[in-house]
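Let me begin by presenting the structure, written as structure tokens, before commenting on it.
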Amino acid sequence: MATFIISDLHLTEHNPVLIKAFECFYHKLFLNDRLIIAGDLFDFFVGLDPEDKVQQQVRQIVKNAASRGIATYFQGGNRDFLVDKKAADFFGMKLLPEYYVVQTKEGPALLLHGDELCLNDRNFQRFRALSQNRIIKFLFLHLPLAWRRKIGAAIRNKSQAQDDQRHLAPEKYGIAHSAAEICLERVHAQIMIHGHFHAFGAHQNEFGDRSYRFSLGCWDKNFSYFVCDRNKLELVQKPMEKLF
Ligand SMILES: [Mn+2]
């Protein structure tokens, strides 16, 4: 009964290897394990699209896992915040709130995608506030699909540019520790697990003694995941070819 957490796969039809990797990752899991996808599973998601091959494939992969007794949970990222309950149902995933607590042997761990932690990037936070607005979400999902695809591509390009700049200006695009601390206090946790920054690493004592921050990497040349069960808690990164 282990919990596996992954994020930032950025699945797109232009990279079928990644979709295969996602499928292969499930082979690491067994009956009663669960997989939590902590955002940015899709390179961008602008609503259910019957012609979208990636969406069909994801649905099939999740379904196959479910038939092996593996449940899949989903928490939206900044690329796929438009996955609502209806979409999650379509994929066979259970939708999680943007803050979710996972129990580990070291105590409760707060799981979040992590985009709310780059507080210093004002433009992104403005976009985030808009994108979280229910009315705007509703209106957007009722636009014609062609418009949504166009807007989605623009959002993805902007986000891609931020990903590229992150290492150049970490003080602007990097993690704001004060924000992380507030999030942790709110749920009385000392452990944080997040993605978004594409900066794989385990950090100890950033928020006081015995605090941990596990930052998941994105999937490209490597894949990474967090795993915990009754006996262990571990952040792992391996070369992609190890999955096949
Ligand atoms: Mn992200």
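Structure notes:
- Within the chain, percent of DSSP bridges classed antiparallel, to nearest 5: 50
- Which of Trp219, Trp147 has the fewest Cβ neighbours within 10 Å, and the rest in rising order: Trp147, Trp219
- Distance between segment 132-162 and segment 1-67 - C-alpha centres, whole angstrom: 21
- Cα centre as origin, Lys/Arg/Asp/Glu Cβ charges: segment 85-197 dipole, Debye: 720
- In the chain, the calculated helix contribution to ellipticity at 222 nm averages -10500 deg cm²/dmol per residue, counting -39,500 (n - 2.57) for every DSSP H run with n ≥ 4.
- Pair-distance profile P(r), taking every C-alpha pair of segment 137-244, with 5 angstrom steps and integer %: 2, 9, 15, 16, 17, 14, 13, 9, 4, 1, 0
- Counting only Cβ charges, +1 for Lys and Arg and -1 for Asp and Glu, the dipole size of segment 1-109 around its Cα centre is about 480 debye.
- Most mobile listed residue (Leu141, Leu41, Leu112) in the chain, GNM with C-alpha springs under 10 Å: Leu141
- Listed residues Ile193, Val54, Ile155: farthest to the positive end of the dipole of the chain (Cβ charges): Val54
- The GNM of the chain, with springs linking C-alpha atoms under 10 angstrom apart, assigns the highest mean-square fluctuation among Glu185, Glu98, Glu106 to Glu185.
- Highest to lowest packing among 2-12, 87-97, 63-73, scored as the average C-beta count within 10 Å: 2-12, 87-97, 63-73
- Unit Cα scatterers, Debye sum, segment 3-243: log10 I(q)/I(0) for q = 0.17 Å⁻¹: -1.40
- Each of Met1, Ile182, Leu235 was placed along the dipole of the chain (beta-carbon charges, centred on the mean Cα), and the one lying farthest toward the positive end is Met1.
- Measuring r between the beta carbons of Glu234 and Gln132 and using R0 = 45 Å, the FRET efficiency lands at 0.90.
Quick note: the coordinates plus some simple rules give every number you see, no bench work behind them. All figures in this text were calculated on a predicted structure; none of them were measured in a lab. When we count neighbours, we look across all protein chains shown, and the Cβ atoms used for this are built from the backbone with ideal geometry, even at glycine.
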